Amino acid sequence: MSTNYYRIPKSGEVRVKYLDLVEKINDLDIWSPENIYNGFRTTDKGFEKWSAWDEFLDGMKIHIGKRSSGWKFLWNFQEGKYYTSKEELLKFIRSGRIINEYGELQNVEEFIEMALEWGQPDGYVLDENYVLEQSKKPDYRPSFINMSNYYDKEVDELRVSSTSEFS
């Protein structure tokens, strides 16, 4: 069994985003055929258009990582979008609130302590040694993909996922 954790903003940050959302909605031309056709997506974000609601939700729930029985805690560094080091990660976590995948609010300092201690010192890490050990088991089923592309990374002694897309 595993549990995913997310950073959400503090209420003051949510209020600022909410007021910005209300202002953008009030400024919308709700009668415009073009706006209606485009689903009120009026803001260019790269190759796509975003709505005021998309902008409100952006960064509202950021996957921090997950704990799984037998494994070291697996951090999600979000491809460096919000943090690139342990110090930046902890600062980012402390700047918001933490919830688990069930929507339960976590004490930030207790979460940090749990995550840093989870699976220490001998929890699993997805790396060459782990794959080699698994291959020795009688029920091992080899993969036809290059597993090394999916090996965990280590950043400041933290187990970090090689991808930001996991749960």
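Key figures
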quantity: Residue within the range 82-96 that is of a type in the set (Val, Ile, Thr) and under 16 Å from Ile8 (Cα atoms) present; calculated: yes
quantity: Number of the condition not met by Asp27 [criteria: (1) open to solvent by less than 90 Å² (accessible area, probe 1.4 Å); (2) farther than 14 Å from Gly59 by Cα]; calculated: (1)
quantity: The one condition in (1) out of contact with any Gly (no Cβ under 6 Å at 6 or more places or on another chain); (2) surrounded by 15 or more Cβ atoms within 10 Å (Cβ to Cβ); (3) at negative phi; (4) not small (Gly, Ala, Ser) that Asn38 fails to fulfil; calculated: (2)
quantity: Pairs with Cβ under 7 Å, 6+ apart, first in the range 145-167 and at positive phi, second assigned to a loop (DSSP other than H, G, I, E, B); calculated: Asp156/Ser85
quantity: Of all residues making up the range 1-49, the number that are out of contact with any His (no Cβ under 6 Å at 6 or more places or on another chain) and part of a strand (DSSP E or B); calculated: 14
quantity: Residue tally, condition open to solvent by 30 Å² or more (accessible area, probe 1.4 Å) and either part of a strand (DSSP E or B) or hydroxyl-bearing (Ser, Thr, Tyr) (or both), over the range 52-68; calculated: 2
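The values are calculated or read from the model by the stated rules, or taken from the named source; none is laboratory data. Computed from a predicted model, the values in this text were never measured in an experiment. With ideal geometry, Cβ positions are generated from the backbone for all residues, glycine too; neighbour counts draw on all protein chains shown. Quick note on the areas: whole protein, heavy atoms, side chains included, nothing else; ligands and nucleic acids left out. Shrake-Rupley method; radii C 1.70, N 1.55, O 1.52, S 1.80 Å.
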